[in-house]
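Pasting in a structure now, in structure tokens, and then I'll have a few things to ask.
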Amino acid sequence: RVCREDFPYLSVELVARGGGRLVLGEQHIELLPGTIFTYGPGLPHDIQADPDDPPLKYFVDVTGEQAAGLFAEAGLVPGTIRQVTDIARARQLFDELGEVALGPPRLRQRRCDALCEFLLLTLAADAVPYGSRRSRAHVPFERCRDLIHDRFLHFSSLAEIAAACRLDPAYLCRQFRRF
């Protein structure tokens, strides 16, 4: 459990898996995989893990003269709660930022700044309002997209991809056009 009346930095968190409960100012929500939320100075928050399925969370804390403007530009001002539609992509961006932060010092700060900005803007672009439900059609799209991402070197044609996804090739194309 993390319970704070205040926090000195602007922060964005992603629940990658598991869950819990969040009280963010006056908002009370269930933390689900894909939930992103932001907090910062003057905004109390209480994050409580589900003891049976504790969350795996990613976070980044941001400070500096441009931080508030960056969060505002991304539409992620403190108190924002949304859901990302591509958890794997969001995790990848958080992981990449962490790798750069721990990597060689040459250009580290500039690279972290750029990746942090990219992370916030990507989260904002990929987010839907909290509680929104994706359509049933989005589920096979995500499954196929993940399969292609993980095994793209194994496929040489659309027919092979469609067969691996157990979908008709024309339907697969419509899914990718739609999403």
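Quick query: amide H of LEU31 versus all other amide H atoms, modeled in the peptide plane; which residues come in under 5 Å with a sequence gap of 5 or more or a different chain?
Close amide H contacts, sequence-distant or interchain: GLY20, ARG21, LEU22.
Taking each full run of DSSP H in the chain as one helix, which ones are at least 24 Å long along their axis (Cα atoms) and have mean Kyte-Doolittle hydropathy of at least 0.0? Spell out each step's value before the answer.
On the way: long enough: 108-126 (26 Å, 0.21).
What comes out of the filter, once short or polar helices are dropped, is 108-126.
If you roll a 1.4 Å probe over the chain with all protein chains in place, what percent of the accessible area is carbon or sulfur?
Roughly 53 percent, rounded to a whole number.
Using 0.36 nm per residue of separation minus the Cα-Cα distance, give me the extension gain between ARG1 and VAL23 in nm, one decimal. Don't skip to the answer; put the middle values down first.
Numbers: separation 22, 0.36 × 22 = 7.92 nm, distance 1.14 nm.
Residue separation times 0.36 nm, minus the Cα-Cα distance, leaves 6.8 nm.
Per residue, how big is the convex hull around the C-alpha atoms of the stretch 1-67? Give it to me in cubic angstrom, could you? Don't jump to the answer; show the numbers that get you there.
Working: hull volume 5.0 nm³, N = 67.
With only Cα atoms used, the stretch 1-67 gives 74 Å³ per residue.
Then there's this: Report, largest value first, the span of the C-alpha coordinates of the stretch 43-84 along each principal axis, in whole Å.
Result for the stretch 43-84: principal-axis Cα extents of 40, 20, 18 Å.
Residues of the stretch 73-95 with the amide nitrogen closer than 20 Å to a label point 7 Å from the Cα of TYR171, along Cα-to-Cβ, please.
Inside the label zone: nothing.
Let me ask something else. How big is the Rg/Rh ratio for the stretch 54-106, C-alpha atoms only, Rh by Kirkwood, two decimals? Spell out each step's value before the answer.
Working: Rg = 13.1 Å, Rh = 13.2 Å.
The Rg/Rh ratio comes out at 1.00.
Regarding the chain, what's the average projected area of the Cα-atom convex hull, expressed in nm²?
Result: a mean projected hull area of 12.5 nm².
In addition: Tell me which residues come under 5 Å, amide H to amide H, from THR80 once H is placed; ignore anything under 5 positions away on its chain.
Answer set, sorted by chain and number: THR38.
ARG151 versus HIS138, label points 7 Å from Cα toward the beta carbon: distance in nm?
2.5
Taking Cα atoms of the stretch 84-179, Rg/Rh with Kirkwood Rh, to two decimals? Write out the running numbers ahead of the final one.
Working: Rg = 16.9 Å, Rh = 15.6 Å.
Ratio value, two decimals: 1.09.
Relative contact order, percent, of the chain when contacts are C-alpha pairs under 8 Å separated by at least 6 residues?
Numbers: 267 pairs, mean separation 33.8, N = 179.
Averaging sequence separation for qualifying contacts and normalising by length gives 19 percent for the chain.
What relative contact order, as a whole-number percentage, does the stretch 1-103 give when Cα pairs under 8 Å and 6 or more residues apart are counted? Don't skip to the answer; put the middle values down first.
On the way: 203 pairs, mean separation 33.9, N = 103.
It rounds to 33 percent for the stretch 1-103.
To continue, here is another question. Excluding ligands, DNA and RNA, what is the solvent-accessible area per residue of the stretch 44-179 at a probe of 1.4 Å, expressed in Å²?
Working: 8690 Å² over 136 residues.
Result: 64 Å² of accessible area for each residue.
The values are calculated or read from the model by the stated rules, or taken from the named source; none is laboratory data. Given the structure is predicted, the values throughout are model-derived calculations rather than measurements. All Cβ positions, glycine included, derive from the backbone under ideal geometry; neighbour counts span all protein chains shown. What goes into the accessible areas is simple: the full protein's heavy atoms, side chains included, and nothing from ligands, DNA or RNA. Shrake-Rupley method; radii C 1.70, N 1.55, O 1.52, S 1.80 Å.
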